[in-house]
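No value in this document is a laboratory result; all are computed from the given coordinates. What you are looking at is a predicted structure, and each value in this text was computed from that prediction instead of being measured. All Cβ positions, glycine included, derive from the backbone under ideal geometry; neighbour counts span all protein chains shown.
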Amino acid sequence: MSKSKLVKMVCIGLIGCSVYADATEVQEKSEKEAVDHSTSTALAENMMSQSPIDIVNSVEREMQKSVTFKYKGNLATIENLGHTVQLGVTKGQMIMVNDKEFELLQIHFHHDSEHVIGGKSYPVEAHFVHKSKDGKLAVVGVLYEEGKTNASFEALGKLPKKRGEKRAFKANINAMDLMPASKSFYTYSGSLTTPPYTEEVTWVVLKDSPELSKNQIGMVQRAMHKNNRDIQAINGREIIEKD
């Protein structure tokens, strides 16, 4: 067995920081190339809760999850990792999922969207990645559609095009500015969308879609190759929605 295959097998069993580090390492190794999802079958063949999914047949529940955003800091850096453009954030920014606290680690982008809603795909999806003290992950997905210029996205400036290119933000930009005003959402139990495709990730996909202009969408596409994973089987999972 090759060293790389052994590492991937070990990664499947990891949780917390090590899981997140492995996923980030995959991104950093990609140099202006899409993530190699050819390992998906081998790594995830026995996993039944994979992401992304087509969000269909969602239900409302009387005792459903609540999500509260506590983003009191700002965006710190913007960097091209090769596979994606990532936004670093100041510490101490949180979401509460029911009574559990998850700290915001970073934000990154995909094109086209990874999730689709009722079969509809979107040109860009942002992932707001959070981690709890016990190592569990919660990811908030924001799906952008083509429309008018987004002033908050415009404040990011030109996205870095070259792998390793990084700069700090001088202006104060809150992560909440990149989200829609409404925080209505869909939620389900899924996985990372890059190797090792680790499960037990709480997904919160916001219902409303902020607009990006055609030029802004093009800027995302020029900064990275297409990096969305194929839609995965729902396998009987419940998708809960909340307005």
Please report the net charge: other residues with Cβ closer than 14 Å to the Cβ of K242, K and R +1, D and E -1.
-2
Starting from the Cα gyration tensor of segment 147-243, multiply each eigenvalue by 5, take the square root, and state the resulting semi-axes largest first in whole Å.
28, 19, 13
Taking amide H positions as placed 1.01 Å from N in the peptide plane, with prolines and chain starts having none, which residues 5 or more places from G82, or on another chain, fall under 5 Å of its amide H?
K32, G164
Separation between Cα centres of segment 100-150 and segment 227-242, rounded to whole Å
13 Å
Sorting check: for 180-191, 201-212, 158-169, which peptide has the highest mean count of neighbouring beta carbons within 10 Å, and how do the rest follow?
201-212, 180-191, 158-169
Kindly provide the GluC sites (Glu not before Pro) of segment 61-111 that DSSP labels as loop, not H, G, I, E or B, and whose Cβ sees at most 12 other Cβ atoms within 10 Å.
E62
